[in-house]
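For reference, the structure is listed below as structure tokens.
The values are calculated or read from the model by the stated rules, or taken from the named source; none is laboratory data. All figures in this text were calculated on a predicted structure; none of them were measured in a lab. Glycine gets a Cβ as well: all are built from the backbone with ideal geometry, and neighbour counts include every protein chain shown.
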Amino acid sequence: MNNNKPSVVISGGGLWTPEHSISNEELVTAYNAYAEKYNAEHSDEIASGELAEKPLSSAEFVAKASGIRSRFAYCKDGILDVDRMRPRISKRGDNELSHQAEMALKAARIALKEANKEPSDVDAVIISCAYTQRSYPAIAIEVQNELGIEGFGFDMLVACSAATFALQRAYEMISAGTAKCVLAINPELTSPQVNYCDRDSHFIFGDVSTATVVETADTCTSEHSYNVLDTKAVTSYSNNIRSNFGYVSRAEDSDPYAPDKLFHQEGRKVFKEVCPMAAEHIRSQLESNDIEVGSVKRWWLHQANINMNTLITKKLLGQVPSQEEAPIVLDRYANTASAGSLIAFNLHHKDLKSGDLGVICSFGAGYSIGSLVLQKR
Ligand code: CO8
């Protein structure tokens with residue numbers, strides 16, 4: 001590292017978990033009731049081949065194919081209602097705190113406390129997630145205002161890699177001297193974009209919020225802090241994970257709520273293409289930092305699918321790591337878009353010793369892969 005650049009550290013993390021959870025069994029029961037009702041109501045069209053029959057889902061399939069057993073929901077109300085099949089989130093006025101800002105603030109306040117920081121110490125706020133609930137004013141500026149932070153804020157979207165890419169932005173801002181302390185927040189409100197009427201994807205996502213404080217080493221007073229040794233980001237265009245939701249729908253006269261406007265994917269292709277990309281990304285990053293793969297104590301990996309994490313770590317390590325080495329949180333949280341690796345970090349970092357190495361890595365839609373190599377101080 002250039003000696004004139006300040007050392008950059010992660011000095012605090014925050015995790016906010018919604019109070020409502022939905023088990024596979026609850027979700028599948030609701031989906032199957034919906035599918036049976038749909039099939040009965042459309043029996044003539046299905047018989048004539050005009051419409052396809054809705055297949056039934058299974059809690060066992062979901063657990064086996066994904067490792068997911070449960071997920072959290074910001075608003076559970078509506079998701080299990082066969083006549084609605086989407087969350088019921090109250091509309092808030094322009095003068096009220098927005099839902100995503102509320103989620104962001106909950107995680108941000110925890111992260112600031114962990115980092116021993118006051119809002120007055122922070123000079124930049126990044127909101128980075130798979131979706132923001134509006135285009136402007138930025139959710140980040142709303143959060144900045146609520147916390148009384150002087151400086152600037154902006155929103156950014158990179159789907160699954162929004163959190164790691166935001167940490168890379170924070171790292172670069174601090175390295176460049178354009179900020180001294182950055183609050184990067186990921187209010188992942190995924191449930192409004194989930195197609196709960198689609199058997200193949202209704203189980204994948206959950207809601208959560210994570211936040212991270214990134215600052216210069218010389219201002220850090222936190223008990224648990226990590227030098228950021230390296231960051232790496234890569235993208236490669238793919239249509240295999242897609243949502244066409246956007247502001248142009250109005251001009252296209254297309255249905256803004258049609259299935260193509262919700263999350264959809266070619267799950268098998270994603271699995272096949274992303275796993276080798278992610279394994280190679282991490283391997284080459286460690287190699288260019290002269291770090292042996294075997295010397296990494298903790299892998300805080302993206303949490304989309306247990307079988308993906310198993311395959312990637314097996315490629316890297318030659319064996320399946322233990323829960324201590326590569327913690328899995330998707331069984332309880334499901335896929336939380338970009339926040340998964342940071343949930344794993346938040347729940348599993350305090351036991352590391354000074355000098356221990358860890359890797360945060362996300363992979364998914366875009367495709368996008370983002371990673372940081374950390375060393376406990
Ligand atoms: N219940 C019962 N059976 C099912 C179900 C179900 N729910 N779903 C599929 N099946 C059946 C299929 O019909 C198929 O049967 P058959 O062999 O007779 O055709 C069989 O099970 C196998 O189906 P698949 O091949 O589709 O199942 P997989 O084993 O591939 O598992 C997964 C499906 C779990 C989706 C898997 O492919 C996967 O996880 N792939 C990885 C993709 C991934 O990571 N996706 C997420 C990336 S997106 C992201 O991380 C963030 C995006 C932005 C956020 C969006 C927020 C909303």
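Do any residues in the range 331-360 that are acidic (Asp, Glu) have Cβ atoms under 6 Å from those of residues that are within 16 Å of the ligand (Cβ to nearest atom), where the two are at least six apart or on different chains, and which pairs are they?
Close Cβ pairs (under 6 Å, with a partner that is within 16 Å of the ligand (Cβ to nearest atom)) amount to 331/67; 331/69.
Could you tell me whether any residue of the range 358-368 is within 16 Å of the ligand (Cβ to nearest atom), under 30 Å from residue 193 (Cα atoms), assigned to a helix (DSSP H, G or I) and under 19 Å from the mean Cα position of the chain (by Cα)?
No, the conditions are met nowhere in the range 358-368.
Please pick out the residue among 128, 120 that is over 18 Å from residue 95 (Cβ atoms), hydroxyl-bearing (Ser, Thr, Tyr) and away from the ligand (no atom under 16 Å from the Cβ).
None of the others qualify; the one that does is 120.
Does residue 167 qualify as being closer than 20 Å to residue 375 by Cα and not hydroxyl-bearing (Ser, Thr, Tyr)?
yes
Give the residues of the range 148-158 that are in contact with a Phe, Trp or Tyr (Cβ under 9 Å, 6 or more places away or on another chain) and of a type in the set (A, V, I, L, M, F, W, C), sorted by residue number.
Matches in the range 148-158: 156, 157, 158.
Six or more apart or on different chains, Cβ atoms under 7 Å: show the pairs whose first residue is in the range 304-328 and in a helix (DSSP H, G or I) and whose second is within 11 Å of the ligand (Cβ to nearest atom) and among the hydroxyl-bearing types (Ser, Thr, Tyr).
Going by the 7 Å Cβ cut-off, the qualifying pairs are 306/66.
Among what's in the range 55-77 and is away from the ligand (no atom under 11 Å from the Cβ) and in a loop (DSSP other than H, G, I, E, B), pick the residue that is farthest from residue 336 (Cα to Cα).
77
Would you pick out the residues in the range 179-196 that are within 16 Å of the ligand (Cβ to nearest atom) and in contact with a helix residue (DSSP H, G or I) (Cβ under 8 Å, 6 or more places away or on another chain)?
Across the range 179-196, the qualifying residues are 186, 187, 188, 189, 190, 195, 196.
Please enumerate the residues belonging to the range 334-357 that are assigned to a loop (DSSP other than H, G, I, E, B) and of a type in the set (Val, Ile, Thr).
Within the range 334-357, 336 is the sole residue that qualifies.
Restricting to strands (runs of 3 or more DSSP E) lying wholly in the range 205-303: which have 1 or more residues that are farther than 30 Å from residue 123 by Cβ and within 16 Å of the ligand (Cβ to nearest atom)?
On the way: elements: 208-216, 226-235, 296-301.
Once the strands (runs of 3 or more DSSP E) in the range 205-303 are filtered for at least 1 residues that are farther than 30 Å from residue 123 by Cβ and within 16 Å of the ligand (Cβ to nearest atom), what remains is 296-301.
For the range 35-54, which positions are within 16 Å of the ligand (Cβ to nearest atom) and closer than 22 Å to residue 25 by Cα?
35, 36, 38, 39, 53, 54
From the list 306, 360, which one is at pLDDT 95 or above, touching a strand residue (DSSP E or B) at 6+ places or on another chain (Cβ under 8 Å) and of a type in the set (Val, Ile, Thr)?
So the residue among 306, 360 that is at pLDDT 95 or above, touching a strand residue (DSSP E or B) at 6+ places or on another chain (Cβ under 8 Å) and of a type in the set (Val, Ile, Thr) is 360.
Can you confirm whether residue 150 is of a type outside the set (A, V, I, L, M, F, W, C) and farther than 22 Å from residue 367 by Cα?
Numbers: of a type outside the set (A, V, I, L, M, F, W, C): yes; farther than 22 Å from residue 367 by Cα: yes.
Judged against the criteria, residue 150 is a match.
Check off (1) among the hydrophobic types (A, V, I, L, M, F, W, C); (2) out of contact with any Ser or Thr (no Cβ under 6 Å at 6 or more places or on another chain); (3) within 16 Å of the ligand (Cβ to nearest atom); (4) assigned to a helix (DSSP H, G or I) for residue 22 and give me the number that stays unchecked.
If we test residue 22 against (1) among the hydrophobic types (A, V, I, L, M, F, W, C); (2) out of contact with any Ser or Thr (no Cβ under 6 Å at 6 or more places or on another chain); (3) within 16 Å of the ligand (Cβ to nearest atom); (4) assigned to a helix (DSSP H, G or I), just (4) comes out false.
In the range 107-116, what residues are closer than 18 Å to residue 140 by Cα and buried (at least 18 other Cβ atoms within 10 Å of the Cβ)?
107, 108, 110, 111, 112
Can you tell which of 140, 176, 170 is over 30 Å from residue 22 (Cβ atoms), more than 16 Å from the ligand (Cβ to nearest atom) and buried (at least 24 other Cβ atoms within 10 Å of the Cβ)?
The match here is 170.
Can you run down the residue pairs with Cβ atoms below 7 Å, 6 or more apart or on separate chains, where the first is in the range 183-203 and in contact (Cβ under 8 Å) with a residue 24 or more places away in the chain and aromatic (Phe, Trp, Tyr) and the partner is more than 9 Å from the ligand (Cβ to nearest atom) and not in a loop (DSSP other than H, G, I, E, B)?
203/24; 203/27
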